Amino acid sequence: MTINPDLQGRSYPAAEVYDVGREKIREFARAVKATHPAHFDIEAARALGHSDLVAPPTFAIIVAQRADAQLIADPESGIDFSRVVHAEQRFTHHRPIVAGDQLRAELHVDGVRAMGGGAMITTRAEIFAVREDNQRESVATTTSSILVRGEGQ
Amino acid sequence: MSLKLEELTVGQEIGTRSIEVTRQDLVKYAGASGDFNPIHWNESFATSVELPGVIAHGMFTMGSAVQLVSDWAGDPAAVVDYQTRFTKPVLVADTTGTSEPGAVIEVAGVVGALDVESRTARIDLTVTFAGQKVLMKSQAVVKLT
């Protein structure tokens, strides 16, 4: 199995909309053992100036990994998911994610580099909301590096 | 939020936390995140791909470690940037049916840098399991007043 070097520079347009729900924020917060009331209690979130429940700092991974799935599912990519190891992750928030947001993610393949028999692939998801006037509002940028292990790695 | 940049110093400790992890926690994280890779919940699958056993999602470790910063900052939305490298897996023993954790992750945070212009503090996290660092360059940038 070889990783297609032509993947670098490729991008995948935003596909489905991700609707951020209150119960999903609460569920994700519990799953990462977050206890801050702004994830659970609307009044607590509003007291901090937010319009609704605030998502935990790594919540955007849900949206980012859905976008990554497009690349992994692309038969031209040559990625065997069972050999994927998560190597690096970064979240840059342009504004908080709150319940009620409708998010889309555009995926960019920023880097593909051979490592031993495998490859390190860096992707960037530009996560945005579409406002009522149809303008894009940047919400978060996530970058992820995955190591696809070669045989015997 | 009441943290003020002028009241912080580089090297200052923000606190520590122990995170107890069970196999059930990994199933919960899988469901909440949508990452159902069986290496995080199925022993025989994990060992078949040359892992020593079931390991925590890297994103579980990253996501739970930052709670120390969210709570210190007073507002989770103050964490405007957060990055890490995953260096070692967190092996979670099967303690199902007991009250014992399957693994304990230790988190400590210090103020690593202060930026007067952007009014942010960089918090450097040390995240260890069984005495070894499992995350490297784990840094959270917090927006201050």
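The values are calculated or read from the model by the stated rules, or taken from the named source; none is laboratory data. As the structure is a computational prediction, the values presented were derived from the model and not from experiment. Positions of Cβ are backbone-derived with ideal geometry, glycine not excepted, and every protein chain shown enters the neighbour counts.
State whether the residues of segment B:60-75 include one that is β-branched (Val, Ile, Thr) and in contact with a helix residue (DSSP H, G or I) (Cβ under 8 Å, 6 or more places away or on another chain). No: zero hits.
Going by the structure shown, is A:Ala38 without any contact (Cβ under 8 Å) to a residue 40 or more places away in the chain, more than 16 Å from the chain's Cα centre (by Cα), within 10 Å of chain B (Cβ to nearest Cβ) and assigned to a loop (DSSP other than H, G, I, E, B)? Please lay out each step first, then the result.
Values: without any contact (Cβ under 8 Å) to a residue 40 or more places away in the chain: yes; more than 16 Å from the chain's Cα centre (by Cα): yes; within 10 Å of chain B (Cβ to nearest Cβ): yes; assigned to a loop (DSSP other than H, G, I, E, B): no.
No, not satisfied.
Conditions (1) on the phi > 0 side of the Ramachandran plot; (2) within 11 Å of chain A (Cβ to nearest Cβ); (3) touching a Leu at 6+ places or on another chain (Cβ under 7 Å); (4) aliphatic (A, V, I, L, M), marked per residue:
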site	(1), (2), (3), (4)
B:Leu8	no, no, yes, yes
B:Glu13	no, no, no, no
B:Arg17	no, yes, yes, no
B:Gly31	no, yes, no, no
B:Asn37	no, yes, no, no
B:Glu50	yes, yes, no, no
B:Ser64	no, yes, no, no
B:Asp75	no, yes, yes, no
B:Val79	no, yes, no, yes
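For segment B:100-119, a residue qualifies if it is over 17 Å from B:Glu20 (Cα atoms) and either in contact (Cβ under 8 Å) with a residue 60 or more places away in the chain or touching a Phe, Trp or Tyr at 6+ places or on another chain (Cβ under 8 Å) (or both), and the qualifying residues are B:Gly109, B:Val110, B:Val111, B:Gly112, B:Ala113, B:Leu114, B:Val116, B:Arg119. Look at segment A:56-101 and say how many of its residues are over 28 Å from B:Glu50 (Cα atoms), more than 8 Å from chain B (Cβ to nearest Cβ) and assigned to a loop (DSSP other than H, G, I, E, B). Qualifying residue count, segment A:56-101: 8.
Cβ-Cβ distances below 6 Å connect the following pairs, each with a first residue in segment B:1-23 that is assigned to a strand (DSSP E or B), a second residue that is among the acidic types (Asp, Glu), and a separation of six or more residues or different chains: B:Ser18/B:Glu106. The set of residues from segment B:18-45 being buried (at least 16 other Cβ atoms within 10 Å of the Cβ), under 28 Å from B:Ile123 (Cα atoms) and not small (Gly, Ala, Ser) comprises B:Ile19, B:Val21, B:Thr22, B:Asp25, B:Leu26, B:Lys28, B:Tyr29, B:Asp35.
Which residue is surrounded by the most Cβ atoms within 10 Å (Cβ to Cβ), if the candidates are limited to segment A:1-59 and must be of a type in the set (Phe, Trp, Tyr) and modelled with pLDDT of 95 or more?
Our first condition is that a residue be of a type in the set (Phe, Trp, Tyr); within segment A:1-59, this holds for A:12, A:18, A:28, A:40, A:59.
In the following step, the residues that additionally are modelled with pLDDT of 95 or more were identified as A:18, A:28, A:40, A:59.
Numbers: A:Tyr18: 21, A:Phe28: 25, A:Phe40: 17, A:Phe59: 27.
Ranking the candidates gives A:Phe59 first.
Count of segment A:103-153 residues, restricted to those that are in contact with a Phe, Trp or Tyr (Cβ under 9 Å, 6 or more places away or on another chain), among the β-branched types (Val, Ile, Thr), surrounded by fewer than 22 Cβ atoms within 10 Å (Cβ to Cβ) and in contact (Cβ under 8 Å) with a residue 60 or more places away in the chain, is 1. What about A:His50, is it of a type outside the set (A, V, I, L, M) and closer than 20 Å to B:Thr84 by Cα? Here the answer is no, as A:His50 does not meet what is asked.
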